[in-house]
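Below you'll find the structure, written out as structure tokens, and then a few comments.
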Amino acid sequence: MTVSTPKEFLTEGSLATLGERPFGVYVHVPFCSVRCGYCDFNTYTADELGEGATRASYADTAIAEIRQAASLLVEASPIETVFFGGGTPTQLPPGDLVRILSALRDSFGFVPGIEVTTEANPDSVTPESLATLCEGGINRISFGVQSAVRHVLATLDRTHRPEGVPDAVRWARAAGFEQLSVDLIYGTPGESMDDWRRSLDHAISLEPDHVSAYALIVEQGTALARRVSRGEVAVPDDDEMADKYILADSLLEAAGLGWYELSNWARDEASRCRHNELYWEGADWWGVGPGAHSHIDGNRWWNVKHPAAYANRLNAGQSPVMDFETLDEPTRLNERVLLESRLRSGLDPAILDPSVRPAVAELVDEGLLEAGDRLVLTLKGRLLADNVVRRLVP
């Protein structure tokens, strides 16, 4: 890997077309109170970090990167979406998240009606912290609920109590958040169908505007993967995972939450996560923080992963970029097929290579795709989405 700055690999053509595409910002906050056994994200507990990477100094470090970005992307459109992810962004003092947001506003400007999301654990917020976040301009919150069943939460190493989630939701509503989302995970070892139904019923009872439900993936190198390899816990089979997805779709649809992406359901179009739509539609974004990825017009780069290395570079006035890649046209097209096919709005068949037209007809005959102006996955197709995509890419 080589160390570069975006100025070295972003062409004049890419920079000149900045204003032609939506522009968003992702801010990675790498701190967690406990490292969950299933998680392979770039996150750390306080005792894993060295000098220069403290929570107290993090906002200033992130703001230094924002200023670097602004000095390069002078033609960028005003920001349409900001997403604070992690980690647990609400491990930072709420005033620090607001300061980072203010630096983005001062550096780039915001479009009217900007969507600003923060992820949060239910036990990482208070009425006072939520009020500060909302007053500071964060208008959407996504709670990592994952499950409403204690033994499932214990397997996932989650720290919150299911009984405390309604309080956090009530506080967020009272603070004035415009949109509230709930994240769930299904397929945890030991989770029964009744457990999953309880979690869905619990989430629906919170009356969220948006629900994300993700199948648990046992990632290599995680504590959960080691437990699976030792035979301590067993992962569910594909049929059970499919049944859990079907149950989620049925209950969420009945509650007025329609799917708009494979793992995401929203009450209406205004409740969709616009920041994620920006990714799926191939727009531009800058990723702030250790390990964060950025994308401008087919150019993708990523920062050094460790928070201390990230902080040291910025404190020295250097770029935190670790490496980059420029996507060729076939790769860009394949990624477009991969992402657009996941959406309820579907895939434009005109972009497909002519060689896959027979495969399209076969997928329609097999009940995996609905054909029309757009190609849209059926429920059966959603269960086999990876297979569908492989057949649509030459």
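The values are calculated or read from the model by the stated rules, or taken from the named source; none is laboratory data. Quick caveat: nothing in here was measured; it's all calculated off a predicted structure. FYI the Cβ positions are ideal-geometry reconstructions off the backbone, even for glycines, and counts take in every protein chain you see.
A few remarks follow.
- Annotation: of all residues in segment 358-394 being part of a helix (DSSP H, G or I) and among the basic types (Lys, Arg), the one that is nearest to THR331 (Cα to Cα) is ARG390.
- Extreme residue, nearest to ILE141 (Cα to Cα), among residues of segment 171-206 that are among the β-branched types (Val, Ile, Thr) and assigned to a strand (DSSP E or B): VAL182
- Extreme residue, surrounded by the fewest Cβ atoms within 10 Å (Cβ to Cβ), among residues of segment 65-76 that are touching a residue at least 60 places away in the same chain (Cβ under 8 Å) and not in a helix (DSSP H, G or I): GLU75
- Contact map, segment 232-251: first residue modelled with pLDDT of 95 or more, second residue of a type in the set (Ser, Thr, Tyr) and surrounded by 16 or more Cβ atoms within 10 Å (Cβ to Cβ), Cβ cut-off under 6 Å, separation 6 or more or different chains; pairs are LYS244/TYR186.
- Residue check for ALA62: among the aliphatic types (A, V, I, L, M), in contact with a helix residue (DSSP H, G or I) (Cβ under 7 Å, 6 or more places away or on another chain), surrounded by fewer than 22 Cβ atoms within 10 Å (Cβ to Cβ) and in the same structural domain as ARG272 (by TED's automatic domain parsing): no
- When the residues of segment 292-303 are filtered to those that are outside any strand (DSSP E or B) and modelled with pLDDT under 95, the one that is surrounded by the fewest Cβ atoms within 10 Å (Cβ to Cβ) is GLY298.
- Flag for ALA203 being crowded, with 17+ Cβ neighbours inside 10 Å and either at pLDDT 95 or above or within 30 Å of GLY113 (Cα to Cα) (or both): yes
Yes/no matrix, rows are residues, columns are (1) farther than 28 Å from LEU101 by Cα; (2) of a type outside the set (Phe, Trp, Tyr); (3) touching a residue at least 12 places away in the same chain (Cβ under 8 Å):
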| position | (1), (2), (3) |
| --- | --- |
| ILE141 | no, yes, yes |
| ARG170 | no, yes, no |
| SER181 | no, yes, yes |
| THR188 | yes, yes, yes |
| SER192 | yes, yes, no |
| SER199 | yes, yes, yes |
| VAL211 | no, yes, yes |
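This table checks each residue for (1) acidic (Asp, Glu); (2) within 30 Å of TRP286 (Cα to Cα); (3) touching a Cys at 6+ places or on another chain (Cβ under 9 Å).
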| residue | (1), (2), (3) |
| --- | --- |
| GLY144 | no, yes, no |
| SER147 | no, no, no |
| ARG158 | no, yes, yes |
| TRP171 | no, no, no |
| ASP183 | yes, yes, no |
| GLY187 | no, no, no |
| ASP194 | yes, no, no |
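- Qualifying positions in segment 325-357 - assigned to a strand (DSSP E or B) and in contact (Cβ under 8 Å) with a residue 60 or more places away in the chain: THR326, LEU343
- Complete set of residues in segment 206-231 that are buried (at least 20 other Cβ atoms within 10 Å of the Cβ) and at pLDDT below 75: LEU224
- Check on LEU379, crowded, with 18+ Cβ neighbours inside 10 Å, closer than 28 Å to TRP259 by Cα and modelled with pLDDT of 95 or more: no
- Unmet criterion (only one of (1) free of Cβ contacts under 8 Å to residues at least 12 places away in the same chain; (2) on the phi > 0 side of the Ramachandran plot; (3) among the charged types (D, E, K, R)) for ASP157: (1)
- Considering LEU369, LEU384, LEU363, LEU338, the condition of being under 20 Å from GLU277 (Cα atoms) and among the aliphatic types (A, V, I, L, M) is satisfied by LEU338 alone.
- Residue count for segment 207-218, restricted to those that are of a type in the set (Val, Ile, Thr) and either part of a strand (DSSP E or B) or touching a Leu at 6+ places or on another chain (Cβ under 7 Å) (or both): 2
- Breaking point among (1) at pLDDT below 95; (2) within 30 Å of SER129 (Cα to Cα); (3) surrounded by 14 or more Cβ atoms within 10 Å (Cβ to Cβ), for ALA175: (1)
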